[in-house]
Amino acid sequence: MLSTMQDGQLSLAHLLRHGTTVHANSEVVTWTGEGARREDYGELGQHAARLANALRSLGVTGDQRVGTFMWNNAEHMAAYAAVPAMGAVLHTLNIRLFPEQLVFVANHAEDQVILVDGTLVPLLAKQLPQLNTVRHVIVANGDASALEAPAGVEVHSYDELLAAQPDTFDWPVVDERAAAAMCYTSGTTGDPKGVAYSHRSIWLHSMQVCMSDSMRLAQHDKALVIVPMFHAMSWGLPYAALMVGASLIMPDRFLQPAPIARILEAEKPTFAGAVPTIWQGLLQHLEANPQDISHLREVVVGGSAAPPSMMHAFEEKYGVPILHAWGMTETSPLGSVARPPGGVTGEQAWEYRYTQGRFPASVRARLITDDGTEAPWDGESVGELEVSGPWIAGAYYGDNVDPDKFHDGWLRTGDVGKVTPDGFLTLTDRAKDVIKSGGEWISSVDLENAVMAHPAVAEAAVIGVPDEKWDERPLVAVVVREGQSVTAAELREFLADKVAKWQLPENWTFIDEVPKTSVGKFDKKRLRAFHSEGKLDISKL
Ligand code: AMP
């Protein structure tokens, strides 16, 4: 029997219309270094319409791709709003990709137009001649004449182009299953892979972001969006904000701890999202420059494991709860969020909060063991996590068959972990990062968290290194906090009551900084390369 219900399209044009009228007074605030420039959502609607008209005038039709090479700011938000709503596809280019990867992704997606921030023009300019499908480059927040156009490419000033356009646009009804936006994975091996989100997947994901047991984003929030708009769609925060009318605070290019602290002081956001490295940096800054940040009702941390020591520091010293979440570019990205079950308090609540979180109803999950069988959700059995659901990728763009990643309607995440009977995921490793010592697994994440709990440690990354007797043993790369000192022997002693004796690492190295990927995660591939090239000075205990 068919239902009697209507079948409205979950189209982003409607989200744009709704957010910019019903929530016309909410704001997009962009940090300028000294202060902020502000645009309310009503103005954002007009801004988006001018941008859509401008893109049409340049010949953007149908589902052509419009690339952005931008910081988090009002112009990037206008592109988020306008491009999918006009039926085209927004392609957020990662400004930190290696040049050859940038060329690969722009050509692979066949970007027709690129919007670029003035400060990023020099980065784009070098690769522009190799971007085969790009016909127009629009320079925002800077001087368009600074960009010399290669043959066949026209360069425009964002302000001049938009000033000539009407501030209304006849937003079309787009099929909810059509692509709205795309993002390439920041994987450190092989070519980046494209994920094309649909209007429907973004819509449903936005609702999830706002649910109380999820990130709880609501109309009264002011959300500081530090996670880049080119990294997994800023974790869905811009569209979720438009859905419920939360204001957005965009840091633009001011991502160091000191300017972030200034933004916090000036704008008093209630909510923020970023990878752990940003928060670790802020924590160090706050230690030397104390400041009240209790206006933050919650901070969401994901992308890499949030170290428990950092979660405690934020909560106990600054009254700011950290909400740990897990996800991937392929999962839009919200996969799981670590809110303890009702009635659980004290130490037990912390145990839940350390996990990567609980799966919501729309994300199905299972653990697959080495022999291909499904591991039970008993909180102990370990397997590779597979997920499926309406905002999980079922294929990569232009590459429908990748049995390594997609099979039988499931996405293989490459993450290894365990799940409790009540659905809380704990990741122990990336499949390629697990350390096998004498036939037993050692979790690099557990070791990292344990070492980072030492007060003199700023960062610690653990990799497996070859060992004659045990096949592999952990090597701990430690970054010592400024002005502090600690020895490998002291750290090993510190771990003695925290990890099993056979897991205690004997290989230690002290480095200035853990190498990071283009989205700020520990780059263990590079750390392994440093090790195999003999570049690390190792003390063996
Ligand atoms: P990306 O697509 O760049 O966002 O990377 C996704 C990967 O980041 C996941 O597959 C995990 O390996 C890792 N990741 C994301 N969130 C977490 C988390 N909360 N804890 C540990 N690893 C995470």
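Taking the conditions exactly as written (surrounded by fewer than 19 Cβ atoms within 10 Å (Cβ to Cβ), more than 10 Å from the ligand (Cβ to nearest atom) and outside the structural domain of TYR197 (by TED's automatic domain parsing)), does ALA266 satisfy them or not? Here the answer is yes, as ALA266 does meet what is asked. Could you tell me which residue of region 483-520 is farthest from TRP235 (Cα to Cα), considering only residues that are within 16 Å of the ligand (Cβ to nearest atom) and of a type in the set (A, V, I, L, M)? Among them, the one singled out is VAL514.
Looking at PHE314, is it away from the ligand (no atom under 15 Å from the Cβ), open to solvent by less than 10 Å² (accessible area, probe 1.4 Å) and farther than 19 Å from PRO228 by Cα? Spelling it out, PHE314 is indeed away from the ligand (no atom under 15 Å from the Cβ), open to solvent by less than 10 Å² (accessible area, probe 1.4 Å) and farther than 19 Å from PRO228 by Cα. Annotation note: of VAL105, VAL113, the sole residue that is in contact with a His (Cβ under 7 Å, 6 or more places away or on another chain), in contact (Cβ under 8 Å) with a residue 40 or more places away in the chain and not in a loop (DSSP other than H, G, I, E, B) is VAL113.
Looking at GLY8, GLY33, GLY59 in this structure, which one is of a type outside the set (A, V, I, L, M) and on the phi < 0 side of the Ramachandran plot? Sole residue among the options that is of a type outside the set (A, V, I, L, M) and on the phi < 0 side of the Ramachandran plot: GLY8. Residue count for region 240-256 under the criterion of being within 18 Å of the chain's Cα centre (by Cα) and open to solvent by 10 Å² or more (accessible area, probe 1.4 Å): the result is 5. Please find, within region 318-358, the residue that is farthest from the ligand (Cβ to nearest atom) out of those that are within 23 Å of TRP203 (Cα to Cα) and of a type in the set (Val, Ile, Thr). Ranking the candidates gives VAL337 first.
If the condition is being more than 16 Å from the ligand (Cβ to nearest atom), over 19 Å from LYS222 (Cα atoms) and open to solvent by less than 10 Å² (accessible area, probe 1.4 Å), then region 284-311 contributes only LEU286. Condition check: within 16 Å of the ligand (Cβ to nearest atom), outside the structural domain of ALA74 (by TED's automatic domain parsing) and hydroxyl-bearing (Ser, Thr, Tyr). Does SER247 satisfy that? Considered against the rule, which asks whether it is within 16 Å of the ligand (Cβ to nearest atom), outside the structural domain of ALA74 (by TED's automatic domain parsing) and hydroxyl-bearing (Ser, Thr, Tyr), SER247 comes out as no.
Out of GLU472, GLU493, one residue alone is in the same structural domain as VAL445 (by TED's automatic domain parsing), assigned to a helix (DSSP H, G or I) and either of a type in the set (Val, Ile, Thr) or open to solvent by 20 Å² or more (accessible area, probe 1.4 Å) (or both). It is GLU493. From the list LEU255, LEU204, the lone residue that is without any contact (Cβ under 8 Å) to a residue 40 or more places away in the chain and either outside any strand (DSSP E or B) or of a type in the set (Gly, Ala, Ser) (or both) is LEU255. What tally of residues in region 159-186 results from selecting those that are within 26 Å of TYR197 (Cα to Cα) and within 30 Å of the chain's Cα centre (by Cα)? Residues that pass the stated criteria total 16. Mind checking whether some residue in region 450-457 is open to solvent by 10 Å² or more (accessible area, probe 1.4 Å) and within 16 Å of the ligand (Cβ to nearest atom)? For region 450-457, residues open to solvent by 10 Å² or more (accessible area, probe 1.4 Å) and within 16 Å of the ligand (Cβ to nearest atom): present. Within region 17-76, the residues that satisfy the criterion of being open to solvent by 40 Å² or more (accessible area, probe 1.4 Å), of a type in the set (Asp, Glu) and not in a loop (DSSP other than H, G, I, E, B) are GLU27, ASP40, GLU43. Residues in region 499-522 that are modelled with pLDDT of 90 or more and in a loop (DSSP other than H, G, I, E, B) were compared, and the one that is surrounded by the fewest Cβ atoms within 10 Å (Cβ to Cβ) is ASP512. Test VAL83 against the stated conditions and say whether it is in contact (Cβ under 8 Å) with a residue 24 or more places away in the chain, outside any helix (DSSP H, G or I) and surrounded by 24 or more Cβ atoms within 10 Å (Cβ to Cβ). No; evaluated as a whole, the condition is false for this residue.
When VAL173 is tested against (1) aliphatic (A, V, I, L, M); (2) touching a strand residue (DSSP E or B) at 6+ places or on another chain (Cβ under 8 Å); (3) part of a loop (DSSP other than H, G, I, E, B), exactly one condition is not met: (2). For region 322-349, what are the residues that are of a type in the set (A, V, I, L, M, F, W, C) and open to solvent by 30 Å² or more (accessible area, probe 1.4 Å)? The one that is of a type in the set (A, V, I, L, M, F, W, C) and open to solvent by 30 Å² or more (accessible area, probe 1.4 Å): VAL344. Suppose we filter GLY483, GLY394 for residues that are assigned to a loop (DSSP other than H, G, I, E, B), open to solvent by 20 Å² or more (accessible area, probe 1.4 Å) and under 24 Å from ASP371 (Cα atoms); which single one remains? One residue alone meets the criteria, GLY394.
The values are calculated or read from the model by the stated rules, or taken from the named source; none is laboratory data. This is a predicted model, so every value here is computed, not measured. In this analysis, Cβ positions are derived from the backbone assuming ideal geometry, glycine residues included, and neighbour counts consider all displayed protein chains. Please note that ligands, DNA and RNA were not included when accessible areas were found on the heavy atoms of the full protein model with its side chains. Shrake-Rupley method; radii C 1.70, N 1.55, O 1.52, S 1.80 Å.
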